[in-house]
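This report refers to the structure that appears directly beneath it.
Each reported figure results from applying straightforward, stated rules to the coordinates on display, with no laboratory input. Here the structure is a predicted model, which means the values were calculated and not measured. Here Cβ is always computed from backbone atoms with ideal geometry, including for glycine, and neighbour counts include all displayed protein chains.
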Amino acid sequence: MKVCVFGAGAVGGHLAARLGASSSCELTIVARGPHLEAIKRSGITLESREGTWCARPAVATDDPSVLPVQDIVFVTLKSTMQSAVARAIRGLVGTGGHAVFVNNGVPWWWNDASRNLAPLPLIDHGVELWSALGPERAVGCVVYSGNEVLAPARVRHSGGNRWIVGEPDNSLSERVSRTVKLLKAAGLEAEVSCNLRQDVFAKLLLNASYNSVAALTGLPIEWFSADESVKRLVFEVIDELAAVARSMGYDVEAARVTTCKLRRLPDGFSIDQGQRPSMLQDVAAGRPTEVEALLGQVCLFGDEHRVPCPCSKTLLWLLRGVNQRLAASC
C-alpha cells in the first residue's frame with residue numbers, strides 16, 4: 001500500500017514515524033525546509049513515554065509531482081495551508097485513492113456534496129479544495145494526541161492516542177475501514193466514526209476554548225485553573241460552542257462536561273506539565289493560527305442559527321489581530 005504523509009509537523013511527524021516504523025506500508029513524506037533536510041539525512045523520530053519510534057520513508061520530497069499516485073494521502077497540514085496545495089493533493093490521490101484530512105476545527109468538506117450545500121470559503125480559500133479535490137475524495141480524522149516539534153524531524157508526544165476516522169456522509173465505507181486498519185497496525189488507537197461532525201464538534205470544544213486562550217495569554221493549560229477569571233472565560237466559550245452544536249443537531253453534552261474538567265479531558269486526553277496547545281505553539285513560532293477553522297466558522301454557524309457567542313467572538317477578533325501582526329512581521 002502506497003501511503004503519503006503530506007506535512008511533517010507535530011501530528012504529521014508523529015503519524016509518519018509510527019507508520020514508517022510499523023513497515024505496514026510504502027511511506028512517502030512531503031515536507032520542506034529544515035524538516036525535509038533532516039528527514040533525508042536521518043529519518044524522522046517520535047519520542048514518547050511509551051518509547052521511541054524512528055523511521056526512514058521510501059521518499060521524502062518537497063515536490064509532490066515526483067511521487068506516484070498514492071492509495072492514501074494523510075493531509076496533516078494546518079487548515080491555513082491546505083487550499084494552496086489542493087491540486088498537488090489531487091494529483092497524488094488519482095482515481096482510486098483518497099485523502100484523509102487530519103486537522104483541528106471545522107474541516108473544509110463540512111458541507112459535503114451529498115447534502116447539496118455550498119463550500120466554506122472562510123476555511124477553503126478560493127474554494128480550491130472543493131474545486132480540485134471535491135469532498136467525495138475526502139475522509140475526515142479527529143485526533144486526540146498532544147505533540148510538539150522539538151527540532152526538525154524530531155517530535156515529542158505528550159499524551160493521547162485516539163484517532164477517529166469517518167466519511168463526510170457518515171457511511172461505513174471500505175476505505176475508512178482500510179484506513180483504520182492501517183492506523184491500528186501502526187500502534188494507533190483508531191476507530192470508525194458513525195457521526196463525524198459530532199466528533200468534530202466534541203473536539204472543537206477543547207481546541208477552540210483552551211487553544212485560543214493559551215495563544216492569547218501565553219499560558220500552558222495547567223495554569224488556567226489557578227485563575228478563576230481565565231477559567232470562567234474558557235468555560236463560557238465551551239458553553240457557547242456547545243449551544244451552537246445543539247442548534248445544529250449534534251449532541252456534545254458529554255464532551256462539554258468532561259472538557260470543563262481541567263485535569264480530565266475527553267477520552268483520556270490528559271494534560272502534561274508545561275504542555276503547549278498547538279495554537280500557542282504557532283504564535284510562539286511566528287505562524288498564523290487556525291482561528292477561522294476553530295472559531296470563525298463556528299461563530300458563523302452561530303449567527304446562522306441565532307445562537308449568541310459573545311465570548312467566542314471576542315477571542316476570534318483578538319486572534320485575527322494576532323494573525324495580522326504575525327503576517328506583518330513575516
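Per the Kirkwood formula applied to alpha carbons, region 197-329 shows a radius of gyration over Rh ratio, Rg over Rh, of 0.95. Of all DSSP bridge pairs formed entirely within the chain, close to 35 percent run antiparallel. At an R0 of 22 angstrom, the distance between the Cβ atoms of ALA226 and ARG49 translates into a FRET efficiency of 0.30.
Between LEU318 and GLU191, the modelled labels are 3.4 nm apart [label points 7 Å from Cα along Cα→Cβ]. By DSSP, the beta bridges lying fully in region 2-194 are antiparallel in about 35 percent of cases. Ordering CYS141, CYS4, CYS25 from the fewest to the most neighbouring beta carbons within 10 Å gives CYS25, CYS141, CYS4. Ordering ASN323, THR28, GLN281 by Cα displacement along the dipole of the chain toward the positive end leaves THR28 in first place; charges were set at the Cβ atoms of Lys, Arg (+1) and Asp, Glu (-1). The computed Cα extents along the principal axes in Å for the structure shown corresponds, within (1) 50, 44, 39; (2) 66, 59, 35; (3) 123, 79, 51, to (1). Shape index of region 107-161: Rg/Rh, with Rg the Cα radius of gyration and Rh the Kirkwood radius from the inverse mean 1/r over Cα pairs, equals 1.16. Looking at region 131-233 alone, DSSP beta bridges between its own residues are antiparallel in about 70 percent of cases. Inter-label distance, SER329 to ASP169: 4.6 nm, where each label sits 7 Å from its Cα along the C-beta direction. So what is the 222 nm mean residue ellipticity for the chain from helices alone, if each DSSP H run of at least 4 adds -39500 (n - 2.57) and you divide by all residues, rounding to the nearest 500 deg cm²/dmol? After summing the helix terms and dividing by residue count, I get -11500 deg cm²/dmol. Counting only residues at least eight positions apart within a chain, or on another chain, the lysines with an alpha carbon under 30 Å from that of LYS313 are LYS78, LYS203, LYS231, LYS261. Per 5 Å bin, what percent of the C-alpha pairs of region 2-194 does each bin hold, from zero upward? Once binned at 5 Å, the Cα pair distances of region 2-194 give 1, 8, 18, 22, 22, 16, 9, 3, 1, 0.
Spatially, region 124-146 and region 51-80 are offset by 16 Å when compared through their Cα centroids.
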